[in-house]
Amino acid sequence: MKQVLTEREIKNLGFQEIRRLLASLTVTPMARRKAFKLMPSADYHGVSQDLAQTSEARLLAGRSDFSPPAVVDIHGYLERVEKGGQLNGLELAGIADFLKGVNRWRHLFKNPSHREDYPALAGWVDELDPLRDLARSLEQSLDAEGRVLDSASSELQSLRRRRGAAEERIRQRLESYLRSPAWNRYLQESLVTIRGGRYVLPVKQEYQGRIPGVVHDQSSSGATFFIEPLPVVELQNQLAAFVHQEEEEIKRILRGLTARVAGQAVALGRNRELYGELDLIMARGRLSLHQSAVKPELVPGNKHDQFILVEARHPLIEGEVVPLTVNLGDPTRSLVITGPNTGGKTVALKTMGLLAAMLQSGLHIPASRGSRLPVFSSIRTDIGDEQDIVQSLSTFSGHLKNIIAIMDDADSQTLVLLDELGAGTDPSEGAALAKAVLASLAASGALTVATTHINELKIFAHQQEGMENASMEFDQETLAPTYRLLQGVPGQSNALVIAERLGLPPAIMEEARGFLRRDHSELELVIAGLVKDQRQLSQDSRIASQERARVALLRQQLEREREELRSQRREIIRQAREEARGVIRRTRMITENLIRDLHRLRDEGKAGSLPLAAEQVRKELKELQREVAREEPGPDEPRLKKEELAVGRKVKVISLQQVGEIISLSGQEAVIQVGKMKVHVTLSDLGRAGEEKEPAGEETGPGYTVQKSGIVRTQVDLRGMRLEEALMKVEKALDDALWAGLRRIDLIHGMGTGRLRRGLRRYLSAHRLVGKYRPGTRPEGGDGVTIVSLETGPIN
């Protein structure tokens, strides 16, 4: 299978250095090895997925300090247990630490917001097997250094307790020798030491027979004997037995844990692979952050008609870097870059090749938004000195051998980068070969970028369809390169200018100019003019870009300010309407109280008081009407002029946001038929009728009164309705009955399950307009009817 990069390109482009940078950001040996073996892929979908993962890792690394816990590579441990080998405590502790890392990843992605923000990473994490039982066993059996804990087994805990007690008895017995003046004087020092794994006393040579016991050692000078007193010999024998039993129990525990690891070797191996991949993805995200890199846009599928880098920077050059902007693709598939030495031509080539390789390795590239690259099947380069002493190849022969191999391999999915094409031989023959190579690569469809000093190639590139000149800018005032790529403009030699500035005698300069052909001089003048124009265009473009950015910023500010004003306006209207609704609610309550008072006066037979009471009602209603008109904000809509109004015209009642027809006009008021209601409104509340909804209810508003029309029924049939529907109909019926002066209405709800009846009666018992209610008599319908009395009068 064809590799995207060969070893030559890895070396020429500096891709190995990118690998080292990436490896330095990993935290596990698995990911570090993967980083050093990283290779670009030619699979479009694979590259797309890798870039998405890198984007998520960059976001995660930028938002939090989470990093995959550093763990050891457990591959060797798993290989050993699969072959029946035994793991020691430290190796088992390494597996325990690895499983802790696995569970840290899983715990991080229990957060729903993380799963939503990082779906690609969540997919990897979901594949990790937590192996909770194994992790729990290892954690309760071993500490971080691999020492077996007392909690590993009850037998181990018991043995260690007995061993501790035995050691304490031995210590007390030996300390009695140290505290006793009778024994202490025989000792070289007042301390207890160990020889041969047993506690002993340092006894002076001349007193070795005074302390009965076993001699275990003697100092190099012979002045001290290390004696185990007889009274502690048996105690130490017991201790040795406990130690042996403890060692055997530890071996048993480690064998058991090793067997459990062997049983999960496949799952652990899968976890190891996933863990290394997650670490590598996070390293790619951190590298993107460190390089201020971006995810470029991928040219879809197998298309290779665009190669755009915007303000790209070589990732291995430190310090201030002049960004590179280049635009290749249909119709320009070959770019010939000319310019002086040390002007940046080779760096430009390497930047293009290295960034393409990084992209296809799932890495973001140090460039600006707007960069757009295809996925190449191969990237081929001829850069640097190809001289081979062993094979007796000259520099020219070495380059030509590489170019022949590149031409054999090139197709429409290949990026070809050639440095100093045609150099190293006779200029005329070199130019001819360079033209033939460029023509052949263009015919193969490869995207080609070549640098050269040969003047004839400038004219050739200008004449060929699909080829374009470019140059590295050179400041003739300072005689220094600016390292900026000027696309569409061939480079100047500048040799005579530099020679003259450096002080070559005028006579020699004049003679040199005489040797130049006339067409060469004319070409250089044309190029100089093109360079000047390009500089002016670049300056104008930068100014235009700055202006566009400034306009975009102002537009954003204006949009924010407009949205803030809209929000403030909506809040003001909301508050005003809320206040107006409060006034309307108070109006209704007062109106109902006034009507109730009128009924009471009529019932009490005080007919003489009715005119005065009615006048008082009118005054209070007018006052409330004025208050509502002050409080309720009307929609900001155009009003009709008085001369535009006529009986029969369709108009919009703005305060109601409903359409109706003018029935009559009187002074500054009009009566409007809105559905089944006749509404009295002021003329200033009328606007042009549009496409409006049919009236949905009866509402009171500023500057109008409502006059009921139609027949008010004394019976309301609620059968078959849900409770919510029935309550709405009953509320309207009570309101109509109140306005019509009725004292009684009959609610027909039927027997049914009783739910509707019970709900209605609970509602009626709390209603302010209901005086009493009762089930119907047998002739009235029995318990399937509820008779409602408004006010406090008797029910007929």
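At-a-glance table
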| item | result |
| --- | --- |
| Residues of the range 768-788 that turn out to be free of Cβ contacts under 8 Å to residues at least 40 places away in the same chain and either touching a strand residue (DSSP E or B) at 6+ places or on another chain (Cβ under 8 Å) or buried (at least 16 other Cβ atoms within 10 Å of the Cβ) (or both), as a count | 13 |
| Qualifying residue in the range 145-158 (condition: free of Cβ contacts under 8 Å to residues at least 60 places away in the same chain and open to solvent by less than 40 Å² (accessible area, probe 1.4 Å)) | yes |
| Wholly enclosed helices (runs of 4 or more DSSP H) of the range 335-445 bearing at least 1 residues hydroxyl-bearing (Ser, Thr, Tyr), under 30 Å from residue 120 (Cβ atoms) and open to solvent by less than 10 Å² (accessible area, probe 1.4 Å) | 345-359 |
| Count of the range 87-129 residues which are modelled with pLDDT of 95 or more and not in a helix (DSSP H, G or I) | 5 |
| Members of the range 726-757 found to be of a type outside the set (Gly, Ala, Ser), free of Cβ contacts under 8 Å to residues at least 24 places away in the same chain and more than 28 Å from residue 596 (Cβ to Cβ), listed by number | 753 |
| Scope the range 293-314; condition within 19 Å of residue 348 (Cα to Cα), outside any strand (DSSP E or B) and either more than 16 Å from the chain's Cα centre (by Cα) or modelled with pLDDT under 95 (or both); matching residues | 296, 313, 314 |
| Every residue from the range 79-122 that is closer than 26 Å to residue 259 by Cα, of a type outside the set (Gly, Ala, Ser) and open to solvent by 60 Å² or more (accessible area, probe 1.4 Å) | 79, 80, 82, 83, 86, 88, 90, 97, 100, 104, 106 |
| Residue identified as open to solvent by 70 Å² or more (accessible area, probe 1.4 Å) and more than 30 Å from residue 383 (Cα to Cα) among 53, 3, 49 | 49 |
| Selection count, the range 740-767, where residues are surrounded by 14 or more Cβ atoms within 10 Å (Cβ to Cβ), touching a helix residue (DSSP H, G or I) at 6+ places or on another chain (Cβ under 9 Å) and not in a loop (DSSP other than H, G, I, E, B) | 10 |
| Filter result for residue 66 (of a type in the set (Phe, Trp, Tyr) and over 25 Å from the mean Cα position of the chain (by Cα)) | no |
| Boolean, residue 214 is outside any loop (DSSP other than H, G, I, E, B), more than 28 Å from residue 161 (Cα to Cα) and in contact with a strand residue (DSSP E or B) (Cβ under 7 Å, 6 or more places away or on another chain) | no |
| Leading residue by the ranking (nearest to residue 23 (Cα to Cα)) among those in the range 263-279 that are of a type in the set (A, V, I, L, M) and either touching a Cys at 6+ places or on another chain (Cβ under 8 Å) or open to solvent by less than 40 Å² (accessible area, probe 1.4 Å) (or both) | 278 |
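Let's see how each residue does on (1) touching a residue at least 12 places away in the same chain (Cβ under 8 Å); (2) not in a loop (DSSP other than H, G, I, E, B):
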| residue | (1), (2) |
| --- | --- |
| 161 | no, yes |
| 166 | yes, yes |
| 169 | yes, yes |
| 172 | no, yes |
| 175 | yes, yes |
| 178 | yes, yes |
| 182 | no, yes |
| 189 | yes, no |
| 194 | no, yes |
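The values are calculated or read from the model by the stated rules, or taken from the named source; none is laboratory data. All of these numbers come straight from a predicted model, not from anything done at the bench. When we count neighbours, we look across all protein chains shown, and the Cβ atoms used for this are built from the backbone with ideal geometry, even at glycine. Protein only, heavy atoms only, side chains kept; ligands, DNA and RNA dropped before computing areas. Shrake-Rupley method; radii C 1.70, N 1.55, O 1.52, S 1.80 Å.
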